1. Please verify whether residue 94 is in a helix (DSSP H, G or I), in the same structural domain as residue 184 (by TED's automatic domain parsing), within 25 Å of residue 246 (Cα to Cα) and touching a helix residue (DSSP H, G or I) at 6+ places or on another chain (Cβ under 9 Å), treating the condition exactly as stated.
2. Test residue 55 against the criterion of being more than 30 Å from residue 212 (Cβ to Cβ), crowded, with 18+ Cβ neighbours inside 10 Å and either modelled with pLDDT of 85 or more or not assigned by TED's automatic domain parsing to the domain that holds residue 187 (or both), and give yes or no.
3. Being crowded, with 21+ Cβ neighbours inside 10 Å and modelled with pLDDT under 90 is the filter here, so list the residues in region 236-280 that pass it.
4. From the list 115, 76, 150, 96, which one is closer than 24 Å to residue 266 by Cβ and at pLDDT below 85?
5. Scan (1) farther than 30 Å from residue 170 by Cβ; (2) part of a helix (DSSP H, G or I) for the single condition residue 83 breaks and write down its number.
6. May I ask you to list the residues in region 47-57 that are closer than 15 Å to residue 2 by Cβ and assigned to a helix (DSSP H, G or I)?
7. Which one of these does residue 22 not meet: (1) surrounded by 17 or more Cβ atoms within 10 Å (Cβ to Cβ); (2) assigned to a helix (DSSP H, G or I)?
8. Any idea which of 50, 46, 74, 38 is within 22 Å of residue 275 (Cα to Cα) and surrounded by 14 or more Cβ atoms within 10 Å (Cβ to Cβ)?
């Protein structure tokens, strides 16, 4: 198949199926499907006899292929992804969820697809609070969310961490820097209306609906903390998940089941791009 050179700002590189597949997967398509469509774009360029094409021309061919194979919604998501770098307000993605649902993994993968370098975990904020406040002064932050004293203890801990969390979001907004923030302390309404108006805000709650699958996540958990500690508190962890899911649904926040990382990431990407598209 003849090679097509893609030109951008006076520089040309051969068309790459890998790079195109990466761009397409950012619209929420599965990796295998993205690569199939990247090959279809390559064939379309070859059929047109295009020895070279600029970025806009390549984007037009890509949109034609997406429309033909996936429909207008996929085209809309692709255009939204293309606009990410030109947003007037910074993108802020908040991912909540209890222990063991895969927040860190999903947040890291999402940030990579979106080209976001600032990924912050609320556990880090809690650790800073621990360093500054003694157990007597702020007892709730010296426990994990699931053993902070039931739902009331969790609410107190989330309130302490939430104050610092909102400050982190406000700083990102002031600096016009996109960010992904994940953690059990990310709750609906954690960001006030004034800050919300100054960013493109996406909120989601990750859950694992299948209890046995959720339990199994702790057996593969990396780090020094033993799985037995989490398994011993599994009932409280599930109770907290139910509480967070109820709050999320009541607050109009998307609840995404992370039974499959690929499916959950695709749904989250679609959510993000839908919000970006609505933001214009």
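1. Details: in a helix (DSSP H, G or I): no; in the same structural domain as residue 184 (by TED's automatic domain parsing): yes; within 25 Å of residue 246 (Cα to Cα): yes; touching a helix residue (DSSP H, G or I) at 6+ places or on another chain (Cβ under 9 Å): yes.
Taking the combined requirement at face value, the residue does not satisfy it.
2. Details: more than 30 Å from residue 212 (Cβ to Cβ): yes; crowded, with 18+ Cβ neighbours inside 10 Å: no; either modelled with pLDDT of 85 or more or not assigned by TED's automatic domain parsing to the domain that holds residue 187 (or both): yes.
The answer is no for residue 55.
3. Across region 236-280, the qualifying residues are 269, 273, 276.
4. Working: 76 fails: at pLDDT below 85; 150 fails: closer than 24 Å to residue 266 by Cβ; 96 fails: at pLDDT below 85.
Among 115, 76, 150, 96, only 115 is closer than 24 Å to residue 266 by Cβ and at pLDDT below 85.
5. Unmet condition: (1).
6. To start, the set of residues in region 47-57 that are closer than 15 Å to residue 2 by Cβ comprises 47-53.
Matches in region 47-57: 47 only.
7. For residue 22, the failing item is (1).
8. Working: 50 fails: within 22 Å of residue 275 (Cα to Cα); 46 fails: within 22 Å of residue 275 (Cα to Cα); 38 fails: within 22 Å of residue 275 (Cα to Cα).
After ruling out the rest, the residue left standing is 74.
The values are calculated or read from the model by the stated rules, or taken from the named source; none is laboratory data. On a predicted model such as this, the values are computed, not experimentally measured, just so you know. Heads up, the Cβs are rebuilt from the backbone with ideal geometry, glycines too, and the neighbour counts pull from every protein chain shown.
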